[in-house]
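These notes concern the structure reproduced below.
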DNA sequence: CGATCACGC
DNA sequence: GCGTGATCG
């Protein structure tokens, strides 16, 4: 009996917390740090033990006048739950957690003071025992440095953290296996969890064979504090554990660079290392419930649990697979470029009458606009603009201009693609890009080191680079892309009858638009009219201004304005939608996708006109671009787990915003093609059809 | 390290 | 509109 009853001295609990927790007030300006810290500690004790009942005693005397009201406040909260022995139930815990939220000034729950007990061990028996700890959740952090796994920080209660260095029997694989097993019976939390999948496989994915499900599916799930923090604030560029600590726990901690500088972590002191890894585990454990609560409050649980978390595992898998790049052919391509670059360089020097650095916009500007006296149209902050659109207009004036444009294009191909990509080809002849899930403001994925989402496509010479991207022996690429996904989303979200109808006709959308805007029969639309309509469609999706459109089409701002007005006459629903979305974004402070992904737009309230205009374009574009990103992510989950369900050898390897690439086994081509198109098209049902095109090829050039 | 340019969707 | 990267000064 006595073992099941937790007896607490209320005065001591609050008093301890009062001195440990930095002072802060609730929304009414009353100091509540003691009550807050006390309840926080109480919750953590109740959650990590098996007490069946709780009894809290209070005494009258209290010396500290600032502390006294906090003890009384706590007494009030507790007595509302019951008198004497209070049964420990789920409801009690929930109500205590709600009490925490009420105490916090911004309605968020914040952690108690930094209060961590660290234990370092690599004793096999101790580690084995540790992994038998009873808890409903754990937080961990894999400490790695340039590919080396150094150790694991792990906590089951948010105050006791164990650091396990990798040594002897305790290998990276061993710890990974332990975590995989642990994930079967409790939820695991980490920071940037994608980086841990190399060592452990969460049980929720190990045998998963179903795709995206709207409703949550029960079971122990992994949680990534980084992804959660990103969803809540996608504008912050790089979240580090310390940022989460500060934002959610009000803790200030040294950063990685401050602790270790540029030294390899392997050289660092074990004490510093263990503390570093353990603090991150500590931060994760204590921030997790706060981030979960905020995600629930902001309606982003589905995004987090059903989309982003499974996606993190898929991105890891795609990075691991990589894509084969033919080293020798890439080199030959670069050499071919160099021949032409040298020719152009000579011709440019000849025409200029002087040798200069063509790559320097400053020097180039001086040559073109001063030495050669060409008409300078546009200026930048630092001088003449030498951007491509400016040079294109100058081309008839002087033969040097065309050469410069070609030179620019070729050196770009050479440095970024030919030479740039070569540096990333690994020993397996593959490039393993990093897909980043927590960078963009709109929810898109980004790709770095190298960026495989901007491989040339537009010009034939650039496009040829895609020939060096090949599938493994005997395999082919299946490349599927959504047809105009963003414009279709606009049609759906704006509910514009004309645009929806146009898509149901299944004909060339730009031609239909031109026909409607210019009042000519569909068959009589000229190529110029179609090109202009296409540019307007494009511009609308991006929320560009008449000025932006005029730049794109090289027409006057006046003409561009007329085009847009005609467009809005044709599709009045689009105009209405844009106005509504700006108003609601302004009112709420953020825009929202179909799946509830938020993008804060503080610019809408700026006093600066240009900034506010920018805010309007962002408010119009973010829901479109973000919804497209959501849909693609769902499609990826469907495609990935479908491949798994069917035990196919084919692997998803690339995502380029509206396009997926699968390295496909020859005997699976038909299955994969059908699967890709089906899963991508059914990822979401809109009021317009989703159209997916899929091509097969023996390299990426052919498959597009 | 910010500005400019060029590549993608 | 959203990104990444190379280059310059």
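Read the figures in this text as sums done on the coordinates, not as results from a lab. Everything quoted here is computed from the prediction, not taken from an experiment. Here Cβ is always computed from backbone atoms with ideal geometry, including for glycine, and neighbour counts include all displayed protein chains.
Using mean Cβ contacts within 10 Å as the protection proxy, how do A:694-703, A:588-597 order, highest first?
Per-residue mean Cβ counts within 10 Å order the peptides as A:588-597, A:694-703.
Quick one: order A:525, A:30 by neighbouring beta-carbon count within 10 Å, fewest to most.
Placing the least packed residue first, the sequence is A:30, A:525.
Along each of its three principal axes, how wide is the spread of alpha-carbon positions in chain A, in whole angstrom units, largest first?
Per principal axis, max minus min of the Cα coordinates gives 92, 59, 55 Å.
Among the DSSP beta bridges whose two residues both lie in chain A, what percent are antiparallel, rounded to the nearest 5?
75 percent
Which of the peptides A:167-173, A:343-349 is most tightly packed, and how do the rest follow, judged by the mean count of other Cβ atoms within 10 Å per residue?
A:343-349, A:167-173
If you average over every viewing direction, what projected area does the convex hull of the Cα atoms of the stretch A:221-279 give, in nm²?
Seen from a random direction, the Cα hull of the stretch A:221-279 projects 5.2 nm² on average.
Can you pull a Stokes-Einstein diffusion coefficient for the stretch A:614-704 at 10 °C (1.306 mPa s), Rh from Kirkwood over Cα pairs, as a whole number of µm²/s?
111 µm²/s
For Cα pairs less than 8 Å apart in space and 6+ apart in sequence, what is the mean separation divided by the residue count of the stretch A:117-312, i.e. the relative contact order in percent?
Once normalised by length, the contact order is 27 percent.
For chain A, take the longest principal axis of its alpha carbons; what is the angle in degrees between that and the long axis of helix A:172-185, to the nearest 10 within 0 to 90?
So the helix axis and the longest Cα principal axis differ by about 70 degrees.
Specify the inter-centroid distance of the stretch A:330-368 and the stretch A:221-236, based on alpha-carbon positions, in whole Å.
Result: 46 Å between the Cα centres.
Stretched out fully, how many nm does the piece from residue A:355 to residue A:554 gain, at 0.36 nm a residue minus the Cα gap?
Stretched fully, the residue A:355-residue A:554 segment lengthens by 68.4 nm.
From Cα pairs below 8 angstrom and at least 6 apart in sequence, can you work out the relative contact order of the stretch A:575-614, rounded to a whole percent?
25 percent
To make sure I understand, if each residue's beta carbon is the centre and we count other beta carbons within 10 Å, what order do A:390, A:35, A:581, A:661 fall in, fewest to most?
Ranking A:390, A:35, A:581, A:661 by Cβ neighbours within 10 Å, fewest first, gives A:390, A:581, A:661, A:35.
To the nearest 0.05, what FRET efficiency results for residue A:376 and residue A:296 with a Förster distance of 56 Å applied to their C-beta separation?
0.50
Return the Rg/Rh ratio of the stretch A:486-619 with Cα-based radii and a Kirkwood Rh.
Reported Rg/Rh, Kirkwood definition of Rh: 0.99.
If I take every Cα pair under 8 Å that is 6 or more residues apart in chain A, average their sequence separation and divide by the length, what percent do I get for the relative contact order?
Relative contact order here is 12 percent.
Length gain on complete extension for the stretch residue A:148 to residue A:167, per 0.36 nm per residue less the alpha carbon to alpha carbon distance?
Taking 0.36 nm per residue and subtracting the Cα distance, the gain is 5.6 nm.
Using a ≥ b ≥ c from the Cα gyration tensor of the stretch A:117-312 (square roots of the eigenvalues), is it rounded, prolate or oblate, where a/c under 1.5 gives rounded and otherwise the larger of a/b and b/c decides, a/b for prolate?
Taking the square roots of the gyration eigenvalues as a ≥ b ≥ c, the stretch A:117-312 is oblate.
In whole Å, how far is the Cα centre of the stretch A:35-84 from that of the stretch A:121-144?
Taking the Cα centre of each part, the stretch A:35-84 and the stretch A:121-144 sit 31 Å apart.
Helix A:309-321: angle to the longest alpha-carbon principal axis of chain A, degrees 0 to 90, nearest 10?
So the helix axis and the longest Cα principal axis differ by about 60 degrees.
With a point put 7 Å past each Cα toward its Cβ, work out how far residue A:321 is from residue A:66 in nm, to one decimal.
Using points 7 Å along Cα→Cβ, the separation is 5.9 nm.
For chain A, take the longest principal axis of its alpha carbons; what is the angle in degrees between that and the long axis of helix A:609-645, to the nearest 10 within 0 to 90?
Relative to chain A, helix A:609-645 is tipped by roughly 80 degrees.
What ranking do A:545, A:382, A:360, A:312 get, fewest neighbouring Cβ atoms within 10 angstrom at the top?
A:382, A:360, A:545, A:312
Please label the shape of the stretch A:348-430 as rounded, prolate or oblate, based on the square roots a ≥ b ≥ c of the eigenvalues of the alpha-carbon gyration tensor (a/c under 1.5 means rounded; beyond that, a/b larger than b/c means prolate, else oblate).
Note, shape of the stretch A:348-430 comes out prolate.
Would you calculate a helix-derived [θ] at 222 nm for chain A, using -39,500 (n - 2.57) for each DSSP H run of n ≥ 4 and dividing by the full residue count, to the nearest 500?
-15000 deg cm²/dmol
If you count the DSSP beta bridges with both ends in the stretch A:5-103, what percent of them are antiparallel, to the nearest 5?
40 percent
Using only the Cα atoms of the stretch A:56-189, build the gyration tensor, take square roots of its eigenvalues as a ≥ b ≥ c, and label the shape rounded, prolate or oblate: rounded if a/c is under 1.5, else prolate if a/b is larger than b/c, else oblate.
prolate
Projected area of the stretch A:239-337, taken from the Cα convex hull and averaged over every viewing direction, in nm²?
10.9 nm²
I'd like the per residue volume of the convex hull spanned by the Cα atoms of the stretch A:375-516, given in cubic angstrom.
It comes to 228 Å³ per residue, whole-number rounded.
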